[in-house]
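Data block below; observations after.
The values are calculated or read from the model by the stated rules, or taken from the named source; none is laboratory data. Bear in mind that the values here come from a model prediction, so they are computed numbers and not experimental data. Using ideal geometry, Cβ is built from the backbone for each residue, glycine included, and neighbour counts are taken over all protein chains shown. What goes into the accessible areas is simple: the full protein's heavy atoms, side chains included, and nothing from ligands, DNA or RNA. Shrake-Rupley method; radii C 1.70, N 1.55, O 1.52, S 1.80 Å.
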Amino acid sequence: MPDRAQPGEKARPGEKQRQRSNVTARAVRMLEHRLSQGEWAAGDRLPSEPSLAEELGVSRVTVRAALAQLENEGIVNRRHGSGTYVNSVRPLVSSLHLNMGAEQMIRSTGHVPGIAEMSWRQAEADADIADRLAIEVGAPVVHLHRVRTADGVPVTVSDDYFPAAFLPEETVALGPSLYSFLSTVCGIDVSFGIANLEPAIAGPERAAALRVKSDELCLVIRQVDYDVTEQPVSYSVECHLASELTFQLVRQGPSSAPASGNHTRNNGRRPRTQA
């Protein structure tokens, strides 16, 4: 059975809904890209819905849905009778329901991302890393260490690990973006990530990298990323400076909540297959 309705054939209700969702998601991505490129500054009013619809090549209904999503994420503010404005108070805010890299997160908030320190090295997986990546203890992994900055100020210390078996045989250049490296060099795309969040103090080593006192409050995010087959791809530990970054969680209403038990298995952890 064809995926799309043929000429003279009515599209199925489910297919119509998927098509509308795809068009809305594309409009959101286009608007987010223009915002990240600085086309509209904080406090600016966006063009009218008819103008945006014409510029994006979509309907006004799609534009309205896209703007509603951006408002839910705290990116814009829609004022009745006035228009839609880019939020004028824009600290480093990252929405926790979006799986994006630190560089993309920093840039999307109107700040200039940078790297104060970066190193790649091969190491052996300890028990924790091995368990997260479903590999043997002592198996070779690649460790990427980075200190991220926003407008030149250190805000994040991150340590990422992935199996060295993913590396191609030929010598390759290792850049600053792990997701890009895994996709373009290793041929592995991240489909989703499962993260745990915990408050912590920076400690001496991270404090030195972030140029703060060792008792400075941080938010630590430990995340395992998976491919489309639900196999673990990488494990990251990110330490975000609480005084410089703010995270928000978008919570949908009860009517949009999934049925109980549909998305939690194995005590909330994805089943893992030994590599």
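For segment 129-210, the carbon plus sulfur part of the accessible surface works out to 54%, probe radius 1.4 Å. Residues whose amide H comes within less than 5 Å of that of Ser234, counting only those at least five positions distant or on another chain, are Asp225 (H built at 1.01 Å from N in the peptide plane). Once the chain from Ser243 to Ser21 is taken as fully extended at 0.36 nm per residue, the excess over their C-alpha distance is 76.3 nm.
Using 0.36 nm per residue, how much length does the chain from Ala41 to Asn196 gain when fully extended, once their Cα-Cα distance is taken away?
52.5 nm
A simple spin-label model places pseudo-atoms 7 Å from Cα toward Cβ; at Ser177 and Glu55 they are separated by 2.3 nm. Taken as Cα centroids, segment 184-208 and segment 120-183 sit 10 Å apart, rounded to the nearest whole angstrom.
Short to long, the 5 Å bins of the Cα pair-distance histogram for segment 121-218 hold 2, 11, 17, 19, 20, 16, 10, 4, 1 percent of all pairs. Placing a label point 7 Å from the Cα of Asp189 along the Cα-to-Cβ direction, the residues of segment 20-49 whose backbone N falls under 15 Å from that point are 26.
Close amide H partners of Ser48, meaning residues 5 or more places away or on another chain with modelled amide H under 5 Å apart, do not exist here. Across the options Gly187, Leu217, Leu197, the greatest Cα extent toward the positive end of the charge dipole of segment 175-237 (unit charges at beta carbon of Lys, Arg, Asp, Glu) belongs to Leu217.
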